[in-house]
Amino acid sequence: MKDNLKEIFLNELKNNKDTPKQEIIKLAEECGIDFKPREAKFKIIDKLVAAGEFDTIFNKFEKFGYIPTWTIADFYGVNTERIDQLHKIGAIKEIPVKREYYSRSSKSYYTVNTYPVSVLEYSREELNEAYNQMAKKDLNLELKLAQKMKLKY
């Protein structure tokens, strides 16, 4: 896995409240990692990674490393709506999971689609091509509809 993908996965794992701290502690104990009894989850994860246990973390906690659409959009350099459109047309095959995130600015929770880390393994060109083909089909459909409307009136 590429370094930037590892970093994104680890950030989501550390910030995801669903990631069970007890499981991380158990893994750290199995790997012989020293930590303080009340040490934060993200610090224990950092110690595991420093000890070369990234693959173990990934295999054990992959199901908790779901990434919100805005992170995926930033990764591919597109807007968030495009990610959902690419999923609808089948270019992104991973099934999204709805998760709640807290917005400090609006002081409320909102629901967003999140995808597994494997969604970051597509090539930009592949996704751009799929989106452009969809846009071309939509444009052709609009042109046909406009021509039919002209013929009626």
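The values are calculated or read from the model by the stated rules, or taken from the named source; none is laboratory data. The shown structure was predicted, so the numbers you read here are calculated from the model rather than taken from an experiment. Every residue, glycine as well, gets a Cβ built from its backbone with ideal geometry; the counts of neighbours run over all protein chains shown.
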Only residues that are aliphatic (A, V, I, L, M) and either in contact with a His (Cβ under 8 Å, 6 or more places away or on another chain) or in contact (Cβ under 8 Å) with a residue 60 or more places away in the chain (or both): list them for region 106-123, please.
-> V117, L120
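Results for (1) closer than 29 Å to G65 by Cα; (2) modelled with pLDDT under 65, shown as yes or no for each residue.
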| position | (1), (2) |
| --- | --- |
| V117 | yes, no |
| E125 | yes, no |
| E129 | yes, no |
| K137 | no, no |
| K152 | no, yes |
Filtering helices (runs of 4 or more DSSP H) wholly in region 1-106 for at least 1 residues that are surrounded by 12 or more Cβ atoms within 10 Å (Cβ to Cβ) and under 15 Å from the mean Cα position of the chain (by Cα) gives 3-15, 54-61, 69-76, 80-88
How many of the residues in region 5-34 are out of contact with any Asp or Glu (no Cβ under 9 Å at 6 or more places or on another chain) and closer than 14 Å to A51 by Cβ?
-> 5
Selection within region 36-62 - free of Cβ contacts under 8 Å to residues at least 24 places away in the same chain and touching an Asp or Glu at 6+ places or on another chain (Cβ under 9 Å) | K47
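Scan region 12-30 and give yes if some residue there is in contact with a Leu (Cβ under 8 Å, 6 or more places away or on another chain), free of Cβ contacts under 8 Å to residues at least 24 places away in the same chain, farther than 30 Å from Q133 by Cβ and outside the structural domain of Y131 (by TED's automatic domain parsing), otherwise no. Please lay out each step first, then the result.
The first filter runs over region 12-30 and keeps only residues in contact with a Leu (Cβ under 8 Å, 6 or more places away or on another chain), leaving 19, 24, 27-28.
With the extra rule that they be free of Cβ contacts under 8 Å to residues at least 24 places away in the same chain, the set shrinks to 28.
Going one step further and asking which of them are farther than 30 Å from Q133 by Cβ, we end up with 28.
Adding the requirement that they be outside the structural domain of Y131 (by TED's automatic domain parsing) leaves 28.
Yes, because at least one residue in region 12-30 is in contact with a Leu (Cβ under 8 Å, 6 or more places away or on another chain), free of Cβ contacts under 8 Å to residues at least 24 places away in the same chain, farther than 30 Å from Q133 by Cβ and outside the structural domain of Y131 (by TED's automatic domain parsing).
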